[in-house]
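J.: Pasting in a structure now, in structure tokens, and then I'll have a few things to ask.
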Amino acid sequence: MKTIYLTIALIIASIATLNAQDNKNKATAGIKGGYNLSSVSFDGSSETAKLHGFHIGVYGESYIGKIFSIQPEIIYSQQGYKIVDDSGTYTQKLDYINIPLMLKLYPIKSFFLEAGPQIGFSISHKETFDSGFVLYDTSEEFEPKNFDWGVNLGAGFKSDAGVSLGARYHIGQNDIYDQDKPKNRVWQIYLGFEF
């Protein structure tokens, strides 16, 4: 199943790249990065405390009309969550390589709305527990699933010079673990610069 999602994403990215080569006035590429505020939703009813992180990567934008474009991306993203209770603070940091494919709508010049699917691959994780007492602090590993997928929604502004400022919300659809149906939730604020 992972191979199917990855293959689809690579095919779409290749098509966008070919389109960019055919019509350079209708396609751009750039780098982007920014701030993450991530958490995890358990059973769809409760959400953990937020964890701060960042993301950085590359993108290509191909216009498919006057007001529509497709934007595939490859992004390194720091995600995770905190659980704070009377016994202490449990933190899990999760690093992903995410591949979003965004459909962008420009209803007015310089302003866009965006939505699209995203697949992600977990590349590392780290867990810590801080009890407030050195003797009881511990580091115990909980192995997350390697594959994640979900949906992104966002909006932003793009200048004539190719500088973008946007905000995006990721709604994870795949369980991180086998129990309690934990799913990623990530707010992102980003800056993008075209080459």
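J.: So which pairs qualify, if the first residue must be in segment 141-164 and farther than 30 Å from residue 181 by Cβ, the second must be in a loop (DSSP other than H, G, I, E, B) and not acidic (Asp, Glu), the Cβ gap must be under 7 Å, and the two must be at least 6 apart or on different chains?
T.: Pairs found: 157/110; 158/110; 159/110.
J.: Just checking, which of 119, 75, 123, 97 is loosely packed, with under 14 Cβ neighbours inside 10 Å and either part of a strand (DSSP E or B) or not polar (S, T, N, Q) (or both)?
T.: The conditions single out 123.
J.: Yes or no: segment 11-32 includes at least one residue that is modelled with pLDDT of 95 or more and not hydrophobic (A, V, I, L, M, F, W, C).
T.: The answer is yes, given that some residue of segment 11-32 is modelled with pLDDT of 95 or more and not hydrophobic (A, V, I, L, M, F, W, C).
J.: Pick out the one residue from 193, 147 that is over 19 Å from residue 53 (Cα atoms) and touching a helix residue (DSSP H, G or I) at 6+ places or on another chain (Cβ under 8 Å). Step through it out loud before you land on a result.
T.: Working: 193 fails: touching a helix residue (DSSP H, G or I) at 6+ places or on another chain (Cβ under 8 Å).
Exactly one of 193, 147 is over 19 Å from residue 53 (Cα atoms) and touching a helix residue (DSSP H, G or I) at 6+ places or on another chain (Cβ under 8 Å), namely 147.
J.: A further question on this structure: Give the number of residues within segment 144-169 that are in contact with a Phe, Trp or Tyr (Cβ under 8 Å, 6 or more places away or on another chain), part of a loop (DSSP other than H, G, I, E, B) and either on the phi < 0 side of the Ramachandran plot or surrounded by 15 or more Cβ atoms within 10 Å (Cβ to Cβ) (or both).
T.: So the answer is 3.
J.: Given the options 93, 158, 126, name the one that is over 25 Å from residue 49 (Cα atoms) and basic (Lys, Arg).
T.: The conditions single out 158.
J.: Follow-up. Taking into account only those residues within segment 160-195 that are among the small types (Gly, Ala, Ser) and under 19 Å from residue 58 (Cβ atoms), which is farthest from the chain's Cα centre (by Cα)? Walk me through it before giving the result.
T.: The first filter runs over segment 160-195 and keeps only residues among the small types (Gly, Ala, Ser), leaving 161-162, 164, 166-167, 172, 192.
Those still in the list that are under 19 Å from residue 58 (Cβ atoms) too: 161-162, 164, 166, 192.
Values: 161: 25, 162: 21, 164: 17, 166: 13, 192: 14 Å.
Here the answer is 161.
J.: If you take the residues in segment 133-159 that are at pLDDT below 85 and aromatic (Phe, Trp, Tyr), which one is nearest to residue 172 (Cα to Cα)?
T.: Checking each candidate, the answer is 142.
J.: Pick from 65, 44: which is modelled with pLDDT under 95, assigned to a loop (DSSP other than H, G, I, E, B) and under 21 Å from the mean Cα position of the chain (by Cα)?
T.: None of the other options fit; the residue is 44.
The values are calculated or read from the model by the stated rules, or taken from the named source; none is laboratory data. It should be emphasised that the depicted structure is a prediction, and the values quoted were computed from it without experimental measurement. Every residue, glycine as well, gets a Cβ built from its backbone with ideal geometry; the counts of neighbours run over all protein chains shown.
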